[in-house]
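Engineer: Have a look at this one before I ask anything.
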């Protein structure tokens, strides 16, 4: 409503009321989850081909195919979330280079181009050397593609929980968690115990590091700002408490325990259970962390 007239300019000052409800919902959760798999599988492909080139060569085509599928899922959910989804091409022809989403769109496009080049090299040309050459550049571009969502969230005003340094670390850890989990399911029994052990270590360590970050925010976040304290109230006895702890258990705690059991007792079949738990739990954890800051009334 208009509440003041400025005589010098005849400008009308209007009270701007925040949008009620959740603006970024499950669509953005799908966006982040699919991106973690699409970039994470590239990281793990590079790692395995460098360390075990003779044992893991068979992953080249299925890994790039999985990455292409999940990156396009990520892009699909990005586009449908736009308010004017059929004008997404404006990002390329009328770029605003101070926006994280614009920079991310350009990087994601280049990333997809490199993935298609990798698929062409291994499927059409049967050229492993060319594939590996493209893979190196794809890994480099996968890093900012993974991180750009953290920049986008950090640009959101009055959302103190989404801090750039912490969110950047969480995005990388989510990619390593999802990538190792997907690779465990992809390789199955084709990997020998040494490869399975390394994949388990990546899964377990990324789960441990991500859990520590979440717990740091959970325990000490309220000291940073009153808004964070009010946000965390939704998972400290609030309506999202149960869902938050289900996500933490499935994404981080259960995988850590199963990885320890699989390595110490050489029961590597447990890694598949850990991988499924990590992927499901990651979606839940990302969703809760995305939603709870939006429950605060900003007006």
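Engineer: Angle, helix 128-154 long axis vs. longest principal axis of the chain, Cα atoms, 0 to 90°, nearest 10?
Structural biologist: Between helix and principal axis, roughly 30 degrees.
Engineer: While we're looking at this one, here's another question. Sorted from fewest to most neighbouring beta carbons within 10 Å, what does the list 287, 96, 72 look like?
Structural biologist: Ranked by crowding around the Cβ, least crowded first: 96, 72, 287.
Engineer: How far, in nm, would the chain grow between residue 83 and residue 61 when pulled straight, counting 0.36 nm per residue and subtracting the alpha carbon separation? Write out the running numbers ahead of the final one.
Structural biologist: On the way: separation 22, 0.36 × 22 = 7.92 nm, distance 3.58 nm.
Value of the extension gain: 4.3 nm.
Engineer: Let me ask something else about it. Report the full-extension gain for the segment residue 246 to residue 125: residue separation times 0.36 nm, less the Cα-Cα distance, to one decimal in nm.
Structural biologist: Between residue 246 and residue 125, full extension yields 39.0 nm more.
Engineer: Taking the mean number of other Cβ atoms within 10 Å as a proxy for protection, how do you rank 61-68, 41-48 from highest to lowest?
Structural biologist: Most protected by this proxy first, the peptides run 41-48, 61-68.
Engineer: Still on this structure, I have one more. Taking the chain as the reference, fit the longest principal axis to its C-alpha atoms, fit the long axis of helix 254-264 to the helix C-alpha atoms, and give the angle between the two in degrees, 0 to 90, nearest 10.
Structural biologist: 20
Engineer: For all pairs of alpha-carbon atoms in the range 236-299, what percent lies in each bin of width 5 Å, listed from the first bin to the last filled one?
Structural biologist: Per 5 Å bin, starting at 0, the Cα pair percentages come out as 4, 19, 22, 17, 13, 10, 7, 5, 2, 1, 1, 0.
Engineer: Rounded to the nearest 0.05, what FRET efficiency is calculated for residue 93 and residue 296 with R0 set to 30 Å and r the Cβ-Cβ distance?
Structural biologist: So, using R0 = 30 Å, E works out to roughly 0.25.
Engineer: Find how much the distance from residue 143 to residue 192 grows on full extension, using 0.36 nm per residue of separation minus their present alpha carbon separation; answer in nm with one decimal.
Structural biologist: Length difference between fully extended and current span is 14.8 nm.
Engineer: Kirkwood Rh over Cα pairs of the chain into Stokes-Einstein at 25 °C, 0.890 mPa s: D in µm²/s?
Structural biologist: Values: Rh = 20.6 Å.
The calculation lands on 119 µm²/s.
Engineer: Then there is this: Fewest to most neighbouring Cβ within 10 Å: what's the order for 283, 89, 33?
Structural biologist: By the 10 Å Cβ count, ascending, the order reads 89, 283, 33.
Engineer: Another question about this same structure. Pick from 168, 99, 206: which is most flexible by mean-square fluctuation in a GNM of the chain where alpha carbon atoms under 10 Å apart are linked?
Structural biologist: 99
Engineer: May I ask for the angle, rounded to the nearest 10°, between helix 100-119 and the longest principal axis of the chain, with both axes built from Cα atoms and the value confined to 0 to 90°?
Structural biologist: For helix 100-119, the angle is close to 20 degrees.
Each value in this text was obtained by applying a stated rule to the coordinates, not by laboratory testing. No experiment lies behind these values; they were computed from the predicted model shown. Cβ sites come from the backbone with ideal geometry, for glycine too, and all protein chains shown count toward neighbours.
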